[in-house]
Amino acid sequence: GAVVSQHPSRVICKSGTSVKIECRSLDFQATTMFWYRQFPKKSLMLMATSNEGSKATYEQGVEKDKFLINHASLTLSTLTVTSAHPEDSSFYICSALPTGGAYEQYFGPGTRLTVT
Amino acid sequence: AQSVAQPEDQVNVAEGNPLTVKCTYSVSGNPYLFWYVQYPNRGLQFLLKYITGDNLVKGSYGFEAEFNKSQTSFHLKKPSALVSDSALYFCAVRDTGFQKLVFGTGTRLLVSP
């Protein structure tokens, strides 16, 4: 149980294009999902908290117009990196907090984004 | 503000020996504490958590952790390490009333045969 998927697992795109990453909770509902960014050999940096049916809450320093988050259902959140630049290349990981009082978040396998 | 410290970038241990990965935390309220493991190019896998109750919590793959309120620590332990335990381990804390997790910088565990 408590499986979270991400798609795609790896994507290469050209500078200036946009790319969408999907995060799905497969066997549970999640009112709240989180998007993280991880640099090589570094810890996870929380980018934003995604709440179903409402606007995402972005962490300080994260551009909300660049990293668009949509949480349209209780099992799906999407992160769209708009007008991607090489410095956006990173490992993006989502997590989901099961609805109903669970304490631990469950993480997706991550998406490796490379912007050329 | 919440914070987590993992003082060791890397821990080396021989297979079969006990292992400890250290974690200390700081929160304003009561802490919810977590350990996650990450294998290369993968997301994080949940190992165990402390919410309340018994200070010694047992988790997946034979790992356990001890909550020590006076020392504000939550060290991860395993009695006998396996080579397959080699991975990156993250300690995380969540303050009561908040949903966000704050992660430590991670500790790489290397178990040699």
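Tell me which of these B:SER26 doesn't satisfy, since it passes every other one: (1) within 14 Å of chain A (Cβ to nearest Cβ); (2) surrounded by 12 or more Cβ atoms within 10 Å (Cβ to Cβ); (3) at pLDDT below 95. Only one criterion in (1) within 14 Å of chain A (Cβ to nearest Cβ); (2) surrounded by 12 or more Cβ atoms within 10 Å (Cβ to Cβ); (3) at pLDDT below 95 is unmet by B:SER26, namely (1). Restricting attention to the stretch B:50-98, the residues that are in contact with a Ser or Thr (Cβ under 6 Å, 6 or more places away or on another chain), of a type in the set (S, T, N, Q) and either part of a loop (DSSP other than H, G, I, E, B) or within 13 Å of another protein chain (Cβ to nearest Cβ) (or both) total 1.
Could you go through the stretch B:61-79 and let me know if any residue there is open to solvent by less than 20 Å² (accessible area, probe 1.4 Å), within 26 Å of A:GLU59 (Cα to Cα), in contact (Cβ under 8 Å) with a residue 40 or more places away in the chain and in contact with a Cys (Cβ under 8 Å, 6 or more places away or on another chain). Scanning the stretch B:61-79, I find no residue that is open to solvent by less than 20 Å² (accessible area, probe 1.4 Å), within 26 Å of A:GLU59 (Cα to Cα), in contact (Cβ under 8 Å) with a residue 40 or more places away in the chain and in contact with a Cys (Cβ under 8 Å, 6 or more places away or on another chain), so the answer is no. Of all residues in the stretch A:65-89, those being of a type in the set (Gly, Ala, Ser) and open to solvent by less than 10 Å² (accessible area, probe 1.4 Å) number 2. Annotation for the stretch A:71-90: at least one member residue is within 13 Å of another protein chain (Cβ to nearest Cβ) and touching a residue at least 12 places away in the same chain (Cβ under 8 Å). Of all the listed residues (A:SER54, A:SER5, A:SER15), the sole one being of a type in the set (S, T, N, Q), more than 30 Å from B:ALA87 (Cα to Cα), open to solvent by 30 Å² or more (accessible area, probe 1.4 Å) and within 14 Å of chain B (Cβ to nearest Cβ) is A:SER54.
The values are calculated or read from the model by the stated rules, or taken from the named source; none is laboratory data. The structure presented is a predicted model; accordingly, all values stated were derived computationally and were not measured. In this analysis, Cβ positions are derived from the backbone assuming ideal geometry, glycine residues included, and neighbour counts consider all displayed protein chains. For accessibility, only protein heavy atoms count, side chains too; no ligands or nucleic acids. Shrake-Rupley method; radii C 1.70, N 1.55, O 1.52, S 1.80 Å.
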